[in-house]
Every structure is written in structure tokens, then in C-alpha cells.
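Okay, so here's the structure we're looking at.
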Amino acid sequence: MEKIKNIIVNILKNAAVLLLYACFLFIEIKFYGHISLPIQLLAIALLIVFTYFVASPLWMKSFPRKRNFAIRLMLGIILVLSYAWDFLRTQHSAHVFSVEIFIVPIILVLLFFSLKESIIVLLSCVAISAINVLSRLSAIHIDAVFSGVLEVGICTLLIFIMNRALKVRSRLINKQNIFVENSRALMIGIDRTGKVDLCNPAMCRLLRMKQDEVLEHFFWEVGAKVSGEAVDQIFQLLAGRKKTEQLELQFPDGQGASTFLADTYPVEDDGLVSGIIVVLNDITDRKIAEKKLYELSVTDDLTKLANRRHFERRLDEEIIRSNRYGRPLSLMLIDLDHFKDINDTYGHPFGDLVLSTIAKQLESHVRDTDVVARWGGEEFAVLMPETELQEAEKIGIRLLKTVRETSIPVPEERGEPITMTFSAGVATQSSDIVKEQIIESVDTALYKSKNNGRNQVTLSL
């Protein structure tokens, strides 16, 4: 319904614009010679302003696929109005002083199209001005001579201004080209027809193509010549199939995989999208740094196991899952026996070696789904999802056997290698699990192991 309403509104607006032009034309023909020159010139000037600021945007919005035609139609109308201005001024030049307004279409052509087309319009205006000057010189009117000189002077000044503007624009484009060509970012862009009009050397290296094999070719033709999921995603961004403006892409290279952040920038012209630019920035180093920071936040520095904060977060997640599906969840706490004596006898550096050695043994002898963490000091925790109490007991006994059989060499001249044992408590719950309760249960079982002589695994029943 809203779409139909917009169509009707656009039709009415265009009809009103055409009616205004028709009224102007009718009045000019019907009452020519009966309206004073200043009023006619004012009407022409107002119609030129109306054409540029009202009619032209309306046409380009109503017919987006005919944008060039709408612009040329606007320029044609303004050019005709400029000739009408000149004709009226010529007819009354003996009494009323005015200047040419061919500057308006010249500037508009320069803005919308190329310098070549602007010069063609400019030369035509100069030629008409010269004819007017010659015709007036035959009548030897001083104001005609002055007006002609002023016309030629204005055109000459316009050429000078255009030349200066083009030089400034050329310098700016050169600077932009230097930036684009030497940028580490990968850049590719297309115009509104889908042809690639921007592809810097960095992007060419990724595509493994030369610039002349990419530029002025339709992007889908270029995409058909390359392969790879990441490259396909770039061309999907160009095609507008991906609405996300930022996308992380993985590009395999000789040293692993590089990560890029892709940003899309629509190029707008008079409110209409006339192209798209995709810029890829290498964020591999940043991702590596973020990964290291994450690992530091969840890992114990000494043992390289999960730290207590991360372990408790995983415990919370597994408790929620177990309560939702009614599945068993087991928890084990391990305390190394007589670890204080190790520190007192061999020193803290050797104690650190013992902790890291035991940590490796524990982590290498649990299942992939289990989580081993350093709980604190010489204590370790093992989280065992989907595990009944009896199975958790078997895992605990297996870990105890592994630790008993692990030989740890002591510092030189301090004796024979040592072995360690631990005391452990195990608790299992399968419904209505409360974090504090299961931790309290397993802690109680751990202290029972210690009180019963250590070197054993005790279950919380």
C-alpha cells in the first residue's frame, strides 16, 4: 500500500513539474512582446533554479536507472533557458543592461560530466557571444560593445577558474592515488554498473591477478577467475548480498592464516549509490594479541591449566546444562600430599616444577570433555560432565596411579628422584544442582581422604 502511495505521489509531482513548464511556454508564446524584459529574465532565472533544485532531484529519484538521462534532460532545459535569456537580452540590449548566463550550464556540465563535454558547451557559448558582439558592432552601440567584452571576459575568467580547479583536483587525486597504491589495506571498488574501477596492488596480490586483468572488468567476471571462500565473500560484499558491513575473513598463506576486517563503503552521488568500495585491513596481529590476552585471563601462569576463575565459569555452565537435561555432573578436588615438605626440603623452584609436572600428567590422563584446573596452591580440580559417581571414582583412581608412577628428578646432589601422591574427594549430582552444595560435598570428601591416611580417593555419598 505504501509503495502504491509513493508511486502516485511521484506521478503527481512530475505532472506538476511538467505543467509548470507548459504554463511558462504558453505565457511566453501568448504574451511575447507584452511583458517587460526584467520580468521575463526573472522568470527564466527562477525556472533555472527550479529545474536544478526541484525538477532534477525529482527525476533522478523517480527514475534511478535513468540517472544520466535525467541529468542530461536537466542540462538541456537549462541550456534552452539560457538561449532564451540571451535572445531576450539581445532584443532589448539597447535599453537594458544584462549579462550572459551560459556560465550556469557550463558549470553544471563540469560538475556532472567530464571536462571534454564542458569545453564543448563553453566553446558553443563563446561562439554565440562572438556572433552577438559582431552583430552589435555593426550597429555601433557602446553598451553592446561593453556587453560583448564582458561576455568574453566572463568566459575567459571561467576557463581560468576551471583550469585552476582542475589542477587542484589533479593534485588531490595524485595524493589519493599515492595513498591507495601504497596502502597496506586491500581495496577494491565497483561503479554502479558493476565494473571494477578500483583495485590497489595489495588486493591484486591477494587475487593473484594484474591490475589490467581486474580494472574495467565486471566484478563477477573477475570473481569467476579466482577461487577461495574468503575471496568469494569479498565479491558477495561487492554484490550487496551480504548486509554486514564488517566481516572477518581468513586467508591461508605460507605461514598459517591471516585475518582481515572487511568494511564496505557505499559511494553516494546526489543521494544515489553509484558504487561500492570494500577495504580489508589486516588484523592478524591484533587477533593474536587478543588470543594471548584471553589465554592469560583463563590460564594459570605456572601450570598452564585453566585458572580457578575460568573453572568456576565452566562449572556454572555445566550446572545449568545438567539441571536442564537431568544429566549427572561430577566434581573432583585433588590435594597433593605433604607438598609443604617438598618446598621446605628442596625449595620453592622445585615445588613449582612438581606442580607443573603433576598438572601435565593430570591433563593428559582425562577425557577431552573433562576440565582440569589449578584450584589454588597445591590443589587441583577436575570437572567431569555426563559422569556418574562410579565412573568418576575410576577416573580418580587412574589419576592417582599415574601420579604415583611419575618420577620427578630432584636438583643435583639432593638425592634420588621423588614420587608424589594425592588425596582426592569426588561428588556427583544429577538434578537441582547447587554450586555451593556440590563444592561443599567434594570438599568434605577430600578432608575424609586426608584424615584417613591420604593417598586415596573418597566419594561423597
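FYI, it's all coordinate maths here, none of it is from the lab. Since the structure is predicted, the reported quantities are computational estimates derived from the model, not experimental observations. Reconstructed Cβ throughout: ideal geometry from the backbone, glycine too, with neighbour counts over all protein chains shown.
Please work out how much length the chain gains when fully extended from Arg192 to Thr444, using 0.36 nm per residue of separation minus the C-alpha to C-alpha distance, in nm with one decimal. Spell out each step's value before the answer.
Details: separation 252, 0.36 × 252 = 90.72 nm, distance 7.22 nm.
Computed gain between Arg192 and Thr444 is 83.5 nm.
For a test of the definition: using alpha carbon positions, the gyration tensor, and the 1.5 limit on a/c, classify segment 289-353 as rounded, prolate or oblate. Before the final figure, lay out the partial values.
Details: a/c = 5.38, a/b = 1.55, b/c = 3.46.
In terms of gyration-tensor shape, oblate.
Go ahead and run the numbers for FRET between Glu413 and Asp352, Cβ-Cβ distance against an R0 of 25 Å, rounding to 0.05. Present the calculation step by step, with values, prior to reporting the outcome.
On the way: r = 20 Å, r/R0 = 0.79.
Computed FRET efficiency for Glu413 and Asp352 comes out at 0.80.
Distance in nm between label sites at Leu302 and Glu391, each 7 Å beyond Cα in the beta-carbon direction?
Using points 7 Å along Cα→Cβ, the separation is 3.3 nm.
Where in segment 211-237 does the amide nitrogen come within less than 18 Å of the point 7 Å from the Cα of Ala185, taken along Cα to Cβ?
234-235, 237
Given labels modelled 7 Å from the Cα in the Cβ direction, how far is it in nm from Asp368 to Tyr21?
Taking the two extended label points, one gets 7.2 nm.
Which FRET efficiency value, to the nearest 0.05, do you get for Asn323 and Lys291 by plugging their Cβ-Cβ distance into 1/(1 + (r/R0)^6) with R0 = 35 Å? Before the final figure, lay out each step's value.
Working: r = 32 Å, r/R0 = 0.91.
Once rounded, the FRET efficiency stands at 0.65.
What's the extension gain from Leu261 to Ile39 if we count 0.36 nm per residue and subtract their Cα-Cα distance? Spell out each step's value before the answer.
Working: separation 222, 0.36 × 222 = 79.92 nm, distance 6.02 nm.
Taking Leu261 through Ile39 to full extension adds about 73.9 nm, to one decimal.
Could you tell me which GluC sites (Glu not before Pro) in segment 353-461 are loop residues by DSSP with no more than 11 other beta carbons within 10 angstrom of their beta carbon?
Working: sites: Glu363, Glu378, Glu379, Glu386, Glu388, Glu391, Glu393, Glu405, Glu412, Glu413, Glu436, Glu440; in loops: Glu378, Glu386, Glu388, Glu405, Glu412, Glu413.
Passing both the DSSP loop test and the Cβ count: Glu405, Glu412, Glu413.
If R0 is 60 Å, what FRET efficiency do you get for Lys175 and Thr345 from their C-beta distance, rounded to 0.05?
Values: r = 72 Å, r/R0 = 1.19.
With R0 = 60 Å, the Cβ-Cβ based efficiency is 0.25.
Is the C-alpha gyration tensor of segment 298-459 telling us rounded, prolate or oblate? Criteria: a/c under 1.5 is rounded; beyond that, a/b larger than b/c is prolate, otherwise oblate. Don't skip to the end; give the middle numbers.
Values: a/c = 2.22, a/b = 1.83, b/c = 1.21.
The shape class here is prolate.
What pairs in Lys61/Lys167; Lys304/Lys450; Lys340/Lys360; Lys340/Lys450; Lys66/Lys167 have C-alpha atoms more than 22 Å from each other? List each step's numbers first, then the result.
Details: Lys61/Lys167 33 Å; Lys304/Lys450 26 Å; Lys340/Lys360 20 Å; Lys340/Lys450 14 Å; Lys66/Lys167 31 Å.
Result: Lys61/Lys167; Lys304/Lys450; Lys66/Lys167 exceed 22 Å.
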